[in-house]
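Have a look at the structure below before the remarks.
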Amino acid sequence: MFLDLDKKDADKMAVIDNAGHKITYNQLIDLSLEIGEKTNSRSVVFCLCKNEAGSLAGYIGFIENDTIPLTLSSNIDKGLLSALSETYTPKYYWLPEECCSMVSGKIIFSSLGYVLLETNNEVYPVNNSLQLLMTTSGSTGSPKLVRYKKGNLEANAKNVAIAFGWSDKERAICDLGMNYTMGLNVINTHLYAGATVLLTTYNLMSSNFWDYIKQEKGTNFTGVPFSYDILARLHFENMDLPELYTLAEGGGKLTDKRFIELSDYAIKSGKRFIPTFGTTETSARLSMLPAELASQKTGSIGFAIPEGELFLIDDEGNVIDKTVAEGEMCYRGPNVTMGYAICKEDLLKGDEWNGEFHTGDLARRDEDGCYYITGRKSRFLKLLSYRVGLDQSERMISEHFNIECACTGTDQRMDIYITDRDIKNDVLAFISKKTGLYKNLFKVIILDKIPRNDSGKISYKELG
């Protein structure tokens, strides 16, 4: 069975959520099979996900029945949902009861606060290897999807579980949405290990969140950089969380300051801090830095996970053999997906990447083989013919002023978005000095808040 669920301790708790559901492995299997069998195999089902047991059971049931889920947030904009539905014409929707008004269809099954709706859409041909569809992190408002093939999810679950050393004793806190590749990875790796997944819809800022993980004795937490910014504001280091042993990070680059803070905290408190890196196109995590190196390798994403390989290429696409080098980071491994789709006809396509993905991220490799993300190939401006990195500019400003910052622009001007009006002129002077460029090549814009998507990443499209 998917993720070898049938080989786990049948009576062990597999999933607990803050809606009050507690489900053993045996119950999860039975419920998942019941849901999946209500659908036609090789059809497409839109899953409007919440971090609740019903959402998870549906996902597993569809995979097991050879039905193809597209995972979306239950908070999805109705216009975007309508556009995706028109593009991919799903046969089914699996969604929370309160979301039924967003779509049309006949209710054919319900359980744990979720309902299965069948539409009048026809089942259409798809590739025999296709198993899952996910939106890319930057595709809000776009029909662009990542096509997962059979084997991607399980290979990644197995190898990430090995890399972390997960066992069935873990009680994983999952507050990242399961429609987000990192959130789904937390779920898959722990179910593969026979552990317990603690799903929560509570906000990190809420006392309910902390009461819940204390009550359920959460042992590990995975956060994106924005998650750890929130924890810093809450003075997380002063909290009494004796069961929590592992702090993992992914979904973006931490500032060096935050990285050092987490590394120091882990050492002082006897815990593990493990930075990771992943992409939707590689079924989430593709690398991790061993906890024992965190204090020595500030900012590093470490090494490839088991069965994976990281390498660098130059601007001409040639592999860079030198040990210490910088270039575009690429990855090979069994968790590399099939390619993209922008319409339902693309779901018939085969494997276009053949186990190798060029990430578009620029990275540096040090003398020990550790990798460091330095920016995005497309996140650069040419100001007066000088190449200026937007990601690097964001990091410099964020670290120097201890503020949130986002940078966009054209080759005529960089736009810098911050939320503190009092330091507007200071930021302008700072970036001008750091880059050695005229102040009139920069504009500082004040916002009430920096827009972010559900996974905590900056929503650059909303910035224009």
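What the table shows:
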quantity: Hits in the range 136-163 - residues which are modelled with pLDDT under 95 and either open to solvent by 40 Å² or more (accessible area, probe 1.4 Å) or closer than 14 Å to residue 338 by Cβ (or both); calculated: 136, 137, 138, 140, 141, 143, 144
quantity: Given (1) closer than 19 Å to residue 251 by Cβ; (2) surrounded by fewer than 18 Cβ atoms within 10 Å (Cβ to Cβ); (3) touching a strand residue (DSSP E or B) at 6+ places or on another chain (Cβ under 7 Å), number of the condition residue 406 does not satisfy; calculated: (2)
quantity: Unique match (being among the β-branched types (Val, Ile, Thr), open to solvent by less than 50 Å² (accessible area, probe 1.4 Å) and not in a helix (DSSP H, G or I)) among 35, 23, 29, 60; calculated: 23
quantity: Test set (1) without any contact (Cβ under 8 Å) to a residue 40 or more places away in the chain; (2) open to solvent by less than 10 Å² (accessible area, probe 1.4 Å) - residue 337 fails condition number; calculated: (1)
quantity: Residues of the range 281-317 classified as closer than 20 Å to residue 336 by Cβ and either of a type in the set (Phe, Trp, Tyr) or in contact with a strand residue (DSSP E or B) (Cβ under 9 Å, 6 or more places away or on another chain) (or both), total; calculated: 20
quantity: Filtered residues of the range 350-375 (kept if open to solvent by less than 80 Å² (accessible area, probe 1.4 Å), of a type outside the set (A, V, I, L, M, F, W, C) and under 19 Å from residue 255 (Cα atoms)); calculated: 361, 365, 366, 371, 372, 374, 375
quantity: Given (1) at negative phi; (2) out of contact with any helix residue (DSSP H, G or I) (no Cβ under 6 Å at 6 or more places or on another chain), index of the condition residue 217 fails; calculated: (1)
quantity: Elements of type helices (runs of 4 or more DSSP H) contained in the range 175-291, each with 1 or more residues being charged (D, E, K, R), open to solvent by 10 Å² or more (accessible area, probe 1.4 Å) and closer than 20 Å to residue 457 by Cβ; calculated: 225-233, 256-269
quantity: Identity of the residue in the range 432-461, among the aliphatic types (A, V, I, L, M) and within 30 Å of residue 204 (Cβ to Cβ), that ends up modelled with the lowest pLDDT; calculated: 458
quantity: Failed item in (1) at pLDDT 95 or above; (2) more than 30 Å from residue 46 (Cα to Cα); (3) under 18 Å from the mean Cα position of the chain (by Cα), with residue 373 passing the rest; calculated: (1)
quantity: Qualifying residue in the range 388-397 (condition: at pLDDT below 95 and open to solvent by 70 Å² or more (accessible area, probe 1.4 Å)); calculated: yes
quantity: Filter pass, residue 330 being in contact with a helix residue (DSSP H, G or I) (Cβ under 7 Å, 6 or more places away or on another chain) and over 25 Å from residue 226 (Cα atoms); calculated: no
quantity: Given (1) over 20 Å from residue 252 (Cβ atoms); (2) in a loop (DSSP other than H, G, I, E, B), index of the condition residue 298 fails; calculated: (1)
quantity: Residue list for the range 362-416, restricted to those being part of a helix (DSSP H, G or I) and of a type in the set (Asp, Glu); calculated: 391, 394, 399
quantity: Selection from the range 66-98 of residues that are hydrophobic (A, V, I, L, M, F, W, C) and open to solvent by 10 Å² or more (accessible area, probe 1.4 Å); calculated: 76, 80, 83
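The values are calculated or read from the model by the stated rules, or taken from the named source; none is laboratory data. Since we're looking at a predicted model, the values are computed, not measured. Note: ideal-geometry Cβ built from the backbone for every residue, glycine included; neighbour counts use all protein chains shown. Side chains are part of the model used for accessible areas, which takes the heavy atoms of the whole protein and leaves out ligands, DNA and RNA. Shrake-Rupley method; radii C 1.70, N 1.55, O 1.52, S 1.80 Å.
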